[in-house]
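Each reported figure results from applying straightforward, stated rules to the coordinates on display, with no laboratory input. Computed from a predicted model, the values in this text were never measured in an experiment. Every residue, glycine as well, gets a Cβ built from its backbone with ideal geometry; the counts of neighbours run over all protein chains shown.
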Amino acid sequence: MTYVNFKLDTDANGIALITWDAPGRSMNVIDLNVIEELSDIVETVAGDRAIRGAVITSGKEAFCAGADLTMLETSIHTFAEMARARGEEAAATALFEDSRKLSLLYRRLETCGKPWVAAITGTALGGGFELCLACHYRVAGESAKTRVGLPEIKIGLFPGAGGTQRIARMMPPADALRFLLKGDQLRLAHAKDMKLIDAIVPAAEVVTHAKEWIRINGAAKAPWDMEGFRLPGGPVYSKLGMMTFPAANAMYRRETYDNYPGARAVMQVVYEGLQLPMDVALRVESRWFAKILRSPEAAAMIRTLFVSVRELNKGARRPKTLPPTNLKTIGVIGAGFMGAGIAYVTAMAGLNVVLIDRDQEAADKGKAHSAKLIAKQIDRGLASMAEHDALLARIRATSDYGALRDCNLVVEAVFEDRKVKAGAIAAAEAAIGEGAIFGSNTSTLPISSLAEMSKRPGHFIGIHFFSPVERMMLVEIILGKKTGEMTLAAALDYVRVIRKTPIVVNDARGFYTSRVVGTYIREGHLMLAEGVPAAMIENLGRMAGMPVGPLSLNDEVAVDLVWKILKATEADLGPNAIDSRQKALLEEMVEKRGRLGRKNGKGFYDYPRNGPKKLWPGLADLQPSKLDPALIDTKELKQRLLAIQALETARCVEEGVITDVREADVGSILGFGFAPFTGGTLSFIDMMGTKSFVELCKGLERSHGARFVPAKLLIDMAEKGDTFYGRFAGRRAAA
Ligand code: NAD
């Protein structure tokens, strides 16, 4: 067999070096061809008497990024089609056989009678790291950038190629479960401490070290295949086992609220697998893996968090015919909280930055933020002093707008005030060239109205970052009425260079993300006004799958900001556009009690200097009446918290604010953490079925009022049996 992905060289000592280097790809990933070729290689190594052992390494910077998830997506679709054509059982059997191929291959490698060593030259994740685990010895080349781990849980799956069973036999079950359930990507030193890696050597010596191990040692059996092997934590039915599993169940509930079938399967598969011999345990793992692959949660998470994110990153919404923008120097106006972060991510991507503020001191302070962040990277061994110096050399901090002269893109992040923005726009436009693009990071002011202040509205666009800029992966691009295609292309090119994920939305009050997350916060306020205990609201928010409760979230974004937005909405659209109960609550909090949120140390929570935040006891006094907690329908409260956001998203689709379903889902998870197990706000509706969702809304409308009236679009879809992905998927924006 000739190999496309691998190269096999056997040296004079009979040690085969297998170099994995997929052609035309920046990363090695596991697909059907890789499985087929590697199977052949394993048989060659096993059968060739001249070969004494094998070292597998990578010809790329990283070792392997894991399985090609589009392959798994195809398996999910094939299953659905086969289930329709030949019945559920036949389809499930086929999926099981198909999805365990990798597991069988790794087991064959592990038991082929010849020693295998993984020479890890860079990051090894998912199925790539499971391959390393199946090898008899793992050596890694020293690098601060290398990560190893099994992050499958983050897209609703779990390691299904032996990962759960090998990990659970390498460390006590509590550690194994923690590692599998968190899906953390570990640095090498940490991985070595956990005994996931046997040795770390200078990068240039990895292969030599690996070969030497085979020459000197060369055990061709995994510990669990040796006689007398004992589980590191003792048997499941032992004193220690009994102390571990019940506690682990509690931990699992606390972390997931039982929303993630993939995580529950990890608990089960470790518990069951540890009571069985390895081959049977692997079969159990495969059964669960195929079952989870069929779960709506895994399908939705893979679609949104992998497929759609990748498509958007690759420019799904970029006007195709326009040439790439030549971005060299970016202007950032306003070196405050957001501007300083924008300058950092821009300079980190290798672009020059002109960072402007009202005076030199403020501009320097913004630049100092970059110095602080890169210093942290140096502390962690992730950056060098040379990179530090180069980064800071790329940022020019000044109060002189004339310095913007050479910028072809400017991002404004000055105070959220029309007059200040107008001043910044005028001053920048006096300096930049005719063709330059002007982006505003405003969070509340309509882009079209700001564009009116510009001499070149066609070159004006919203580029909305999230805080903290260096951590949040989403950027919301907002099209004004007159924004041109070239402007959109340039903004998307910029977001791509800084390696964030863009969504493109049309201009509307609150754009997309703030508008939808605002409904979550409002629902929390209204529950409080109804008399639901604050702690219950917060817990139910998290139980519904949100990262934080609505009151906590409001504290983070600032209570006075939400109050300001509410007042502006009332002034512009009239009293019916707002809820008087929310108005009364916010007025009391902000105007009468001065509780502005985390920023002044008091909001819905108190923030003591030394200690964790605590719900403010005074909240109970703001409730006109109190409900008996025992009589509260908690299921309905959870439904309200998610349904109101999904409904608002459907309205955004109906009104043309959102024109691509992928962006609604990706934006909701990356922007405000909408319950990831649902796959996002629209996948939430699709998963439930449009008809059931409309029924739910109607029920909530009867008990809670007009804000739950289902959108006309939803009623139409329910009548026709449509889903969002069925009706709109792939539809190009009518932007
Ligand atoms: P900030 O107050 O921290 O920073 C604003 C900066 O702009 C200050 O350093 C100020 O000195 C400077 N500035 C004011 N007038 C200027 C002028 N004429 N020329 C140059 N610099 C000037 O505010 P922020 O939180 O960074 O917000 C900035 C913008 O980003 C606002 O439009 C806000 O709505 C938006 N935004 C904020 C967040 C957030 O979480 N804070 C999130 C997304 C968007």
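Things to note:
- Whole-Å distance, taken between Cα centres, linking the stretch 350-386 and the stretch 532-589: 35 Å
- Note on the stretch 106-181: with charges restricted to the Cβ of Lys and Arg (+1) and Asp and Glu (-1), its dipole about the Cα centre is near 80 debye.
- Shape category assigned to the stretch 362-507 from the gyration tensor of Cα positions, a/c cut at 1.5: prolate
- Inter-centroid distance (Cα atoms) of the stretch 225-294 relative to the stretch 87-127, Å: 19 Å
- Going from the residue with the fewest nearby Cβ atoms within 10 Å to the one with the most, L479, L351 rank L351, L479.
- Each of P115, V414, S75 was placed along the dipole of the chain (beta-carbon charges, centred on the mean Cα), and the one lying farthest toward the positive end is V414.
- Interchain or long-range residues, amide H under 5 Å from G59's placed H: W20, D21
- Order of I461, I292 - criterion: other Cβ atoms within 10 Å of each residue's Cβ, fewest first: I292, I461
- Prolate/oblate/rounded label for the stretch 510-632 (Cα gyration tensor, a/c 1.5): rounded
- Integer Hz, Karplus 6.51/-1.76/1.60 couplings in order for the stretch 46-51, x for Gly and Pro: 5, x, 8, 5, 6, 9
- Mean ellipticity per residue at 222 nm, deg cm²/dmol - from DSSP H runs of n ≥ 4 across the chain, formula -39500 (n - 2.57): -15000 deg cm²/dmol
- Here, the chain has an Rg and a Dmax of 27.8, 85 Å when only alpha carbons are counted.
- C-alpha center-to-center spacing [the stretch 401-442, the stretch 151-179] in angstrom: 50 Å
- Neighbour-limited loop hits for trypsin sites (Lys or Arg not before Pro), the stretch 184-232 (at most 11 other Cβ within 10 Å; DSSP other than H, G, I, E, B): R230
- Highest to lowest packing among 428-436, 442-450, scored as the average C-beta count within 10 Å: 442-450, 428-436
- Here M194 and N217 are evaluated by their C-beta separation; at R0 = 30 Å the FRET efficiency comes out at 0.90.
- Placing unit charges on each Cβ (+1 for Lys and Arg, -1 for Asp and Glu) gives the stretch 634-676 a dipole about its Cα centre, and among I669, T649, L637 the Cα reaching farthest toward its positive end belongs to L637.
- Rounded to 0.05, the FRET efficiency of the D359 and E452 pair, given R0 = 22 Å and the Cβ-Cβ distance, is 0.20.
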